[in-house]
Amino acid sequence: MLETKPAYLPNQTVQIDVSSYHAVALTVSGGLDSASLLHMICSAAQTQHRDKVLKIYALTIPNRGDVVCGYYASLVIDFMKSQFIGFVEIEHITKNIDQSGEYKTVVMEEFQKEYAEKKLIDAFFDGVTLNPTSNDFQFVPPAKPYIERMDHRDYHPDEPKFEKKKAYRIDYCRPLANVDKRYIFQYFKDHGLEEKIQTLTRSCTSTEKVICGECWWCAERTWAFGSHDFFSINFS
Ligand SMILES: [Zn+2]
């Protein structure tokens, strides 16, 4: 597994261990963080599950009015299926809601509870990463309603994010909780996928455009990847 050591977080590593699991679940939003987490889980299955296939439930919960989220999530999942044939079986589950983002977490909780109680999964993986932790990240709020930064993604030097807990008698894992988007970029770069993943994912939360270029998530992606969309990539 890749190890990067940003100055702000010495000895930082991401570790994924699926060796004791038969089936796991995660949310796949069509964005970069969940795409990297899915790739890491599949890679772990490839090296740790030599004699059995790891079942993965990939849950997509689009925000209200976001019609392309599910499309990008499908692109990510289809790509991972093609890369890890024989090692994973990925089932894509989409739950459409017409409520706000807060309700989204309720749907996610209900899914975890249901699948845990039915003993369909041994673990749930959460792909949350840190907000940008360096001063070179600049966000200029758009002059219109937008989805604000999420405080729970902030880095606190004295309070590292927990990486694993028990919930509904399954493991609840947050392996990316102490790294920010630069780590995600480095991970894909190390796998030669930094351009490919740009074409398969979308970070924007705008409901008016596929890529608005001015929301928090577009700004964060630009900060870490150098561009926020695949239009600026040279495919030659
Ligand atoms: Zn945007």
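Some notes on this structure:
- Any hit, the stretch 21-32, residues being over 18 Å from T129 (Cβ atoms) and within 16 Å of the chain's Cα centre (by Cα): yes
- Residue within the stretch 155-162 that is at pLDDT 90 or above and part of a loop (DSSP other than H, G, I, E, B) present: no
- Long-range neighbours under 8 Å by Cβ, at least six apart or interchain, first residue closer than 14 Å to T207 by Cβ within the stretch 49-70, second charged (D, E, K, R) and assigned to a loop (DSSP other than H, G, I, E, B): R64/D98; V68/R202; C69/R202
- Residue within the stretch 29-41 that is outside any loop (DSSP other than H, G, I, E, B), touching a residue at least 24 places away in the same chain (Cβ under 8 Å), over 23 Å from K119 (Cβ atoms) and polar (S, T, N, Q) present: yes
- Residue count for the stretch 42-53 under the criterion of being closer than 13 Å to I90 by Cβ and not in a helix (DSSP H, G or I): the result is 1.
- Residue count for the stretch 130-145 under the criterion of being surrounded by 15 or more Cβ atoms within 10 Å (Cβ to Cβ) and hydroxyl-bearing (S, T, Y): the result is 1.
The values are calculated or read from the model by the stated rules, or taken from the named source; none is laboratory data. Because the structure is predicted, anything quoted here is derived from the model rather than measured. Every residue, glycine as well, gets a Cβ built from its backbone with ideal geometry; the counts of neighbours run over all protein chains shown.
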